[in-house]
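The values are calculated or read from the model by the stated rules, or taken from the named source; none is laboratory data. All of these numbers come straight from a predicted model, not from anything done at the bench. So basically every Cβ, Gly included, is an ideal-geometry build from the backbone, and we count neighbours across all protein chains shown. To get the accessible areas, we keep the full protein, side chains included, count just its heavy atoms, and leave off ligands, DNA and RNA. Shrake-Rupley method; radii C 1.70, N 1.55, O 1.52, S 1.80 Å.
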Amino acid sequence: MEKDPIIEVKQLRAGYNGNTILEQVSFGVLKGEVFVIMGGSGCGKTTLFKHLVGLIKPVSGSIIIDGDDIAHGDETLLRKVLRKIGVLYQSAALFNSMTIAENIALPIREYTDLSEKSIDTLVKMKLTLVNLDGYENYLPSEISGGMKKRAGLARAMALNPEILFFDEPSAGLDPVASNELDNLIIQLNKNLGTTMVIVTHELRSVCHIAHRAILLDKNKKGILVDGDPRYLRDHSTDPMVKAFFNGRS
Amino acid sequence: MKPLSKSESYGYEISEVEAGGIYIFLRGRMDSSNASQLIDLFGSFIKDRHPSLLTIDLKKVSYLDDFGALVLVELRDMMSSNGGRFQLVNAREEVLYVLHSENRIRPNSLIKAHPPSVFVRYGDAILRYAADVKYLISFVGSVCLAFAYSFLHPRSLRLDDTFIYMQKTGVDALPIVGLLSFLLGLITAFMSSVQLQQFGADIYVASLVALGMSRELGPIMTAILVAGRSGSSFAAEIATMKISEEVDALFTMGFEPTRYLVVPKILASVIVVPILTLFSDLFAILGGLTVGVLVLNITASAYISQTLMDLTLFDVFWGVFKSAVFALQISWIGCLRGFRVDGGAASVGRATTSAVVSSIFLIIVSDSVFAIILRYWI
Ligand SMILES: Nc1ncnc2c1ncn2[C@@H]1O[C@H](COP(=O)(O)OP(=O)(O)OP(=O)(O)O)[C@@H](O)[C@H]1O
Ligand SMILES: [Mg+2]
């Protein structure tokens, strides 16, 4: 694992219509790391996530992804950065008017000059990777929630981005499906060296997959603690951290 | 102690104690089924008697939930506003637990939902309106940029989508547009013939139908139909994509949502609606012809030659030009409303409605502007 930070967030302040939700948030994500953002409901995880993928501009501070500051750059720079990332949304956000295969082919067709036949083969390979072979021609409305998540993952990985972002990947999945998704994440991280940034509540999966985690807090409007989740779970002395990991207050 | 009334699930006894105090002994359940009865009953009792002390005995209360607690809270408030005292006795532990949760609602934390003052509401409306206008202007900008980009990079244009929208907006609308225009031509011819016949000017029915339809009714009718069919569906489509994070997904996949979603729709409408208008003109003239031949006994060839004589190319092009502008407005408003949603399913409905209403409004307003331009400048 190389030790360069691929994402650096510095002194980020974020909010909506003048309400500050997060302030003085700084952290870095190393290349090849599985990085988890945790926190109680309403503490700003989704807000932070949307900032990281460029959907919202911060009030102040910078977000540097692979050397480019998306908080201050222009449209062209943002597009360049977006090419390096893939996003799996909480609702999978598959395009409902397209089949699974077309969903996955969309970015490939846009950004490469592959022939239709090669794209077809590539899509099949991606679907096999997420255990969805045979579902090429299904519409998103015709598959289950867990399958949608996996199809969304296949689409997010279509161009093998350097960084994958996940918003609550296991929300709404049964323990088995969520475990499968976790294993898939671990495999991808191992085999392709993809950096992963994951927002999640699932403590079990955090300890299973994460190399490092940050815990956001609503009252502090920022990071409560930053470190290896297994270490934090077993050794943290901070009462709030303990409360979070033990599910008690 | 004198029992006043009894019912299945609850009962109570009210007795008076010395010095203007009242003692209520409650029995049974205090829940959603009897809360309002209890409040009314004891409330009117308090109002009549003005007791200085109200004591409520909960010893025999078997069940009390937050509705029951509400009764007690309301009675307490009534007593304190009457200047009396209130006390609970013999409450069991479970009951105390519910009451405890009720106690957390401190009086000052229950802010009454005062209707905001006129100024606040006007200010709020103006701010919202300003935000709308700001969004509108930035949307115009981003649509123009998207078109410029597509023009400079024709390969980036989503041709497949454009063709699909051309079919949905144009081809699929042809039957209804044709039928309605035919009927409209029929009606116009019929109504005008009643007047024109008095002067023996039957033949001018042909001119009237041709001019009226190609200049005014054809473009307007087509535009209104397109607004209802396609404007609404554009709005609904984009709105649904927006609330299911699909627009976000497009963005992070590096697609510019305006370019991807809006350009094909606007382009398709602007191409196809003028053609639809031409069809509408044609069907209306056919309708007029039908009346002319069947009712007014004009020969088909006379009707057609009269039509050709009075209808100039300018009239037809003027109508077609107008309909292109209407098409631009309809598709633009549809997309704008779609992007403006936030929230759930209800906002999709609102977006659709407002897309149709505002585009019909815009169509009529801009048609008036066209009429003025035609009258004074051309
Ligand atoms: N679009 C918005 N406009 C205004 N305020 C918002 C908006 N989205 C979120 N907020 C506010 O920002 C705060 C953080 O919300 P956010 O969605 O980031 O929480 P979260 O940590 O993702 O919570 P959860 O775990 O419940 O999803 C909340 O107080 C919320 O009210
Ligand atoms: Mg969230």
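Here are some notes:
- The alpha-carbon of B:Lys60 sits under 18 angstrom from the alpha-carbons of these aspartates and glutamates, leaving out residues fewer than 8 places away in its chain: B:Glu8, B:Glu13, B:Asp31, B:Glu93, B:Glu94.
- Potential lengthening between A:Ser97 and A:Ser62 on full extension [0.36 nm per residue; Cα-Cα distance subtracted]: 9.0 nm
- Maximal additional length on extending the A:Lys80-A:Asp234 stretch stands at 51.4 nm, based on 0.36 nm per residue less the C-alpha distance.
- DSSP bridge pairs, the protein assembly as shown: antiparallel proportion in percent, nearest 5: 50
- Note on chain A: GNM, Cα springs under 10 Å; of A:Lys45, A:Lys149, A:Lys221, the largest mean-square fluctuation is that of A:Lys221.
- With N counted as the residues of the range A:97-239, its alpha-carbon radius of gyration over 2.2 N^0.38 Å works out to 1.20.
- By the helix-only formula, in which each DSSP H run with n ≥ 4 contributes -39500 (n - 2.57) and the sum is divided by residues, chain B has a 222 nm mean residue ellipticity of -22500 deg cm²/dmol.
- Two numbers describe the Cα atoms of the range A:57-134: Rg and Dmax, which are 15.9, 47 Å.
- Two-site label geometry, B:Leu179 and B:Asp31: point separation in nm, points 7 Å out along Cα→Cβ: 5.6
- Note on chain A: with a GNM built from Cα contacts shorter than 10 Å, the maximum mean-square fluctuation among A:Glu23, A:Glu110, A:Glu162 falls on A:Glu110.
- Exposure rank, largest accessible area first [B:Leu289, B:Leu26; 1.4 Å]: B:Leu289, B:Leu26
- Taking Lys and Arg as +1 and Asp and Glu as -1, the other residues whose beta-carbon sits under 14 Å from that of B:Leu208 total -4.
- Amide H to amide H, with H built 1.01 Å from N, A:Ala71 comes under 5 Å of A:Ile63, counting only residues 5 or more places away or on other chains.
- Legend: calculated FRET efficiency, B:Ser52 to A:Tyr16, from the Cβ-Cβ distance at R0 = 45 Å, rounded to 0.05, equals 0.30.
- Projection of the Cα convex hull of the range B:184-224, averaged over all directions and equal to a quarter of that hull's surface, yields 2.6 nm².
- Two-site FRET efficiency, A:His201 against B:Lys134, from Cβ-Cβ distance with R₀ of 41 Å, rounded to 0.05: 0.65
- Mean-position separation - Cα centroids, the range B:184-248 and the range A:1-47, in angstrom: 55
- Selection from A:Pro58, A:Ala158, B:Ser347, by position along the positive dipole direction of the protein assembly as shown (Cβ): A:Pro58
- Placing unit charges on the Cβ atoms only, positive for Lys and Arg and negative for Asp and Glu, gives the range B:143-376 a dipole magnitude near 240 debye about its Cα centre.
- With the simple spin-label model, which puts each label point 7 Å out from Cα in the Cβ direction, the B:Tyr149 to A:Tyr138 separation comes to 3.4 nm.
- Using a probe of 1.4 Å on the protein chains alone, the accessible area found for B:His50 is around 120 Å².
- Partner aspartates and glutamates whose Cα lies under 12 Å from the Cα of A:Lys45, excluding those fewer than 8 positions away in the same chain, are identified as A:Asp167, A:Glu168, A:Asp217.
- Compared with the dominant Cα axis of chain B, that is its longest principal axis, helix B:313-339 is turned about 20°.
- Between 0 and 90°, nearest 10: helix A:145-156 axis offset from chain A longest Cα axis: 80
- Based on the convex hull around the alpha carbon atoms, the range A:106-155 presents an average projected area of 3.4 nm².
- Acute angle (nearest 10 degrees) that the helix A:100-111 long axis makes with the longest principal axis of chain A, alpha-carbon atoms: 80
- Unsatisfied cross-links (Cα-Cα over 20 Å) in the set A:Lys31/A:Lys220; B:Lys134/B:Lys322; A:Lys50/A:Lys218: A:Lys31/A:Lys220; B:Lys134/B:Lys322
- Spatial extent of chain B: Rg and Dmax, with the Cα atoms as the point set, Å: 35.5, 109
- Shielding value for A:54-61 is 1, the average number of Cβ atoms from other chains within 10 Å of each residue's Cβ.
- Whole-Hz ³J(HN,Hα) from phi, Karplus 6.51 cos²θ - 1.76 cosθ + 1.60, for the range B:259-274, glycine and proline x: 5, 6, 9, 8, 4, x, 5, 5, 4, 4, 5, 5, 6, 8, 5, x
- Accessible area buried by the pairing of B and A, both sides summed with a 1.4 Å probe, works out to roughly 1700 Å².
- Distances between placed amide hydrogens fall under 5 Å for A:Ile21 paired with A:Ala14, A:Gly15, A:Tyr16, all partners being 5 or more residues away or on another chain.
- When B:Phe199, B:Phe42, B:Phe283 are compared by accessible area at a 1.4 angstrom probe, the order from most to least is B:Phe199, B:Phe283, B:Phe42.
- Under 22 Å from the Cα of B:Lys47 - lysines, other chains or at least 8 residues apart: B:Lys2, B:Lys6
- Interface residues in the range B:242-276 - accessible area drops by 50 Å² or more relative to the isolated chain, probe 1.4 Å: B:Glu245, B:Glu246, B:Asp248, B:Phe251, B:Thr252, B:Met253, B:Gly254, B:Phe255
- Karplus 3J(HN,Hα) series, Hz, for the range A:52-64 with 6.51 cos²θ - 1.76 cosθ + 1.60 (x for Gly, Pro): 5, 9, x, 6, 10, 8, x, 5, 7, x, 10, 10, 9
- Rg over Rh [alpha-carbon atoms, Kirkwood Rh] for the protein assembly as shown: 1.13
- FRET E, pair B:Val120, A:Thr121, Förster distance 60 Å, beta-carbon r, rounded to 0.05: 0.45
- Evaluated on the range B:2-109, the Kirkwood hydrodynamic radius is 13.9 Å, with distances taken between all distinct Cα atoms.
- Measuring how big the range B:293-378 is from its alpha-carbon positions, Rg and Dmax come out at 19.8, 61 Å.
- Cross-link pairs exceeding 28 Å in C-alpha to C-alpha distance, out of A:Lys149/A:Lys242; A:Lys84/A:Lys148; A:Lys149/A:Lys190, comprise A:Lys149/A:Lys242.
- Scaling the Cα radius of gyration of the range A:171-249 by the globular reference 2.2 N^0.38 Å produces a ratio of 1.17.
- Amide hydrogen proximity for A:Asp66: with H placed 1.01 Å from N in the peptide plane, the residues at 5 or more positions away or on another chain lying under 5 Å are A:Ile7, A:Glu8.
- Span from the the range B:14-33 Cα centroid across to the the range A:147-189 one, whole angstrom: 61
- Distance between modelled label sites at A:Thr112 and B:Thr299, nm, 7 Å Cα→Cβ extension: 7.1
- Ranked by the mean number of other Cβ atoms within 10 Å per residue, highest first, peptides B:201-213, B:148-160 order as B:201-213, B:148-160.
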